[in-house]
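Asks: Please find one structure pasted underneath; my questions will follow.
Just so it is clear, none of the values below were taken in a lab; they were calculated from the coordinates. Computed from a prediction, not measured in an experiment: that's the story for all the values here. Positions of Cβ are generated from backbone atoms using ideal geometry, with glycine treated the same way; all protein chains shown enter the neighbour counts.
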Amino acid sequence: MPSDRPVAALSAADFMAATDRLLTPAELEAALRRVGAERYHMHHPFHRLMNAGGLTRGQMQAWALNRYCYQAAIPRKDAIILSRSDDPAFRREWRKRIVDHDGPADGEHGGEKDGGIKRWLKLAEGVGLDVDRVVSQRYALPATRFAVGAYLDLVASSSMLVAVASSLTELFSPIAIGERVPAMLARYDYITEETLSYFTPRLHQAPRDAEHALALVTAWADTPDKQRDAIGALITKCDILWAMLDALHFAYVEPGLVPPGAFRPAGTD
Ligand SMILES: O=C(O)c1cc(C(=O)O)c2c(n1)C(=O)C(=O)c1cc(C(=O)O)[nH]c1-2
């Protein structure tokens, strides 16, 4: 693999085999964005089906119920990352993520009154789920639990560079949300703007978070090995998100094999 090929033209896999020189920050950013262009979960058939209006109500419920497990783990993930840093400036910036999801304490400054977890439950209720069953996480797919656990393990056991780089899927989530929200409003008559209010603040929170994380990753990844680690972390995170949708598709679209004990849409028992 010639190392002078433009990085943005390499597939993520080729890139991993080709980083024998130090990339400029702009090249590293291009390589990270390339990972998203190839592997982000907005390209998954389940999300494509959702945006095309092809999900039944039960399939939409399965998505919301399983995705809750991911949402609920995000502030725990960010607390792990916080606990690993001894830099007050880093912690000051990173803790905003926890407030975004848990909501501000009384008297604490925060952009939104309700945190993301509460707003996700509004979404779950809006698609017809029982909130207590969602919160229990007992009806999630085994693979959802494994994928979420893998994300927590990754940030607990890797370098801080990898932990921060793994959050960079947030570079791409506004694109996914920008497609998803109008598609859901147009194609599912039971979904309202109120139901989807979770996504509105994400459109400014995600770019703020991604910009901070990207600046850190491009500054910290100052050797070819570290740059490879950063790209690898983002690939792993895309794999985690992809695996969750694979499991949803397998259980609820085709072949439709729901694991024992997992959520079953009404009328499918
Ligand atoms: O709607 C989406 O497609 C989507 C994707 C992701 C992501 O890429 O991990 C996140 C979110 N939403 C999200 O709402 C969110 O709060 C979030 C936090 C993180 C993270 O890894 O720290 N990812 C995501």
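Asks: Working only within region 213-230, note down all residues that are closer than 17 Å to LEU23 by Cα, in a helix (DSSP H, G or I) and either of a type outside the set (Val, Ile, Thr) or under 16 Å from the mean Cα position of the chain (by Cα) (or both).
Replies: Taking region 213-230 as the starting set, the residues that turn out to be closer than 17 Å to LEU23 by Cα are 214-230.
Filter once more, keeping what is in a helix (DSSP H, G or I): 214-220, 224-230.
The answer is LEU214, ALA215, LEU216, ALA219, TRP220, PRO224, ASP225, LYS226, GLN227, ARG228, ASP229, ALA230.
Asks: If you scan region 147-162, which residues turn out to be free of Cβ contacts under 8 Å to residues at least 24 places away in the same chain and away from the ligand (no atom under 15 Å from the Cβ)?
Replies: Of everything in region 147-162, just one residue is free of Cβ contacts under 8 Å to residues at least 24 places away in the same chain and away from the ligand (no atom under 15 Å from the Cβ), namely SER157.
Asks: Only one residue in ALA183, ALA210, ALA165 is closer than 22 Å to ASN66 by Cβ, within 14 Å of the ligand (Cβ to nearest atom) and not in a loop (DSSP other than H, G, I, E, B), so which one is that?
Replies: Details: ALA210 fails: closer than 22 Å to ASN66 by Cβ; ALA165 fails: closer than 22 Å to ASN66 by Cβ.
After ruling out the rest, the residue left standing is ALA183.
Asks: When only residues in region 111-163 that are basic (Lys, Arg) and under 21 Å from ARG202 (Cα atoms) count, which is surrounded by the most Cβ atoms within 10 Å (Cβ to Cβ)?
Replies: Within region 111-163, the first condition is being basic (Lys, Arg), and the residues that meet it are 113, 118-119, 122, 133, 138, 145.
Then keep just the ones that are under 21 Å from ARG202 (Cα atoms); that gives 113, 118-119, 122.
Values: LYS113: 9, LYS118: 14, ARG119: 23, LYS122: 15.
Selected residue: ARG119.
Asks: With the structure loaded, tell me whether ASP229 is under 22 Å from GLU170 (Cα atoms) and more than 16 Å from the ligand (Cβ to nearest atom) or whether it fails that test. Outline the logic, then answer.
Replies: Working: under 22 Å from GLU170 (Cα atoms): yes; more than 16 Å from the ligand (Cβ to nearest atom): yes.
When the stated conditions are applied, ASP229 passes them.
Asks: Any idea how many residues of region 140-162 are outside any helix (DSSP H, G or I) and touching a helix residue (DSSP H, G or I) at 6+ places or on another chain (Cβ under 6 Å)? Write out each step before concluding.
Replies: Residues of region 140-162 that are outside any helix (DSSP H, G or I), as a first pass: 140-141, 158-159.
Still in the list and also touching a helix residue (DSSP H, G or I) at 6+ places or on another chain (Cβ under 6 Å): 140-141.
Total satisfying the criteria: 2.
Asks: Does ILE235 satisfy the criteria of being closer than 21 Å to ALA150 by Cβ, among the aliphatic types (A, V, I, L, M) and part of a helix (DSSP H, G or I)? Show your work before the answer.
Replies: Details: closer than 21 Å to ALA150 by Cβ: yes; among the aliphatic types (A, V, I, L, M): yes; part of a helix (DSSP H, G or I): yes.
So ILE235 fits the description; yes.
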